[in-house]
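Heads up, the thing below is written out as structure tokens.
No value in this document is a laboratory result; all are computed from the given coordinates. Bear in mind the structure is a predicted one, so any value in this text is a computation, not a measurement. Cβ coordinates were reconstructed from backbone atoms using ideal geometry, including for glycine residues, and neighbour counts include every protein chain displayed.
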Amino acid sequence: MARRDGKLGPPPSTRKPAASMPIVHPDAAAIDVHSDNHVVCVPADRDTPNVRTFGANSCDLLQIADWLKRCGITTVAIESTGIYWIPLFELLEAQGFEVCLIEPGQASRCGARPKTDVLDAQWLQRLHSHGLLRGSFRPPDEVIALRAYLRQRQMLISYAGTHIQHMQKALEQMNVKLTEVVCDITGLTGMRIITAIIEGQRDPAALAALRDARCKNDEATIARALEGTWREEHLFELAQAYELYRTYQTKVSECIAGSSRR
């Protein structure tokens, strides 16, 4: 094909060579976190080899921090894998490093991602050095501690709810219709009656007399609902479920007391 200059062949390319991306964080490292080991990558000019695998014990985490300091690292990207990143994150932050917590999907959105641990750490380090990773928000230590108490409390409440269902099941198997005559068996009336049953009271009238004055059903209605069969195995189930429920309530109170001291 003839060109404008009279010579044969395709015209010369007018495309400019792609410019290399600037290094935003020259002292950046990255760590691929696992349950039993951590793969750490620093810039290639800092040490040989520049990718090393450490264990996940506390002494290994200190070795990671020492090596990063010797390599002149100031900022570290860590991928938030499960909960395995937390001890390493906290130690590095306490040692004075700027720690960038990366959610797992972020690095993969920056392009094709290698799948081996070493290449994965190198890829994270490269992205971090170019400033392509955005750290996730991590609240202050006081908020983190308070959140831990509240999450523990929520978990205990959930466990306690399971034992409420166990108490309801045991009562229904004895044809004790307590759930039909009180709004909540863990309320004042319900707990009084269940406690009395566990302590040996079987008289429906005596049990109904334990109702709180604010209960919408009268004593006669409640008494008719409490004429149970009182089988020993179901009483045993009720007693164990009640004890476990009260135990979790105690632990919930301890969580509230602990969080109030923060």
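Peptides 218-230, 37-49 ordered by packing proxy, namely the average of other Cβ atoms within 10 Å per residue, highest first: 37-49, 218-230. Helix 85-94 and the longest principal axis of the C-alpha atoms of the chain enclose an angle of approximately 70°.
Annotation for the stretch 110-174 versus the stretch 30-71: alpha-carbon center distance of 24 Å. In this calculation the C-beta distance from residue 74 to residue 158 is compared with R0 = 45 Å, giving a FRET efficiency of 0.60.
Inverting the mean 1/r over all pairs of different Cα atoms, compute the Kirkwood radius of the stretch 141-260 and quote it in Å.
In the stretch 141-260 this quantity evaluates to 15.3 Å.
At 1.567 mPa s and 4 °C, plugging the Kirkwood radius over alpha-carbon pairs of the stretch 57-200 into Stokes-Einstein gives what diffusion coefficient in µm²/s?
Rounded, D is 65 µm²/s.
With 0.36 nm allotted per residue and the present C-alpha distance subtracted, the residue 144-residue 62 stretch has 27.3 nm of extension available.
Tilt of helix 188-198 relative to the longest C-alpha principal axis of the chain, in degrees (0 to 90, nearest 10)? Helix 188-198 sits roughly 70 degrees off the main axis of the chain. Working ranking of peptides 136-146, 197-207, 92-102, 118-128 by packing, defined as the average number of other Cβ atoms within 10 Å per residue, highest first, is 118-128, 92-102, 197-207, 136-146.
For the chain, treating each Cα as an identical point scatterer without solvent, what Debye log10 I(q)/I(0) comes out at q = 0.11, 0.17 1/Å? Normalising to I(0) and taking log10 leaves -0.75, -1.18.
How would 237, 232 line up from fewest to most surrounding beta-carbon atoms within 10 angstrom?
Final ranking by Cβ density, sparse to dense: 232, 237.
Counting neighbouring beta carbons within 10 Å and listing from fewest to most, the residues 191, 155, 174 come out as 155, 191, 174. Label-to-label distance for residue 254 and residue 232 is 3.4 nm, based on points extended 7 Å past Cα in the beta-carbon direction. Out of every Cα-Cα pair that the stretch 28-129 contains, those further apart than 15 angstrom amount to 56 percent. Once the Cα atoms are used to define both axes, helix 141-173 deviates from the longest principal axis of the chain by about 40 degrees.
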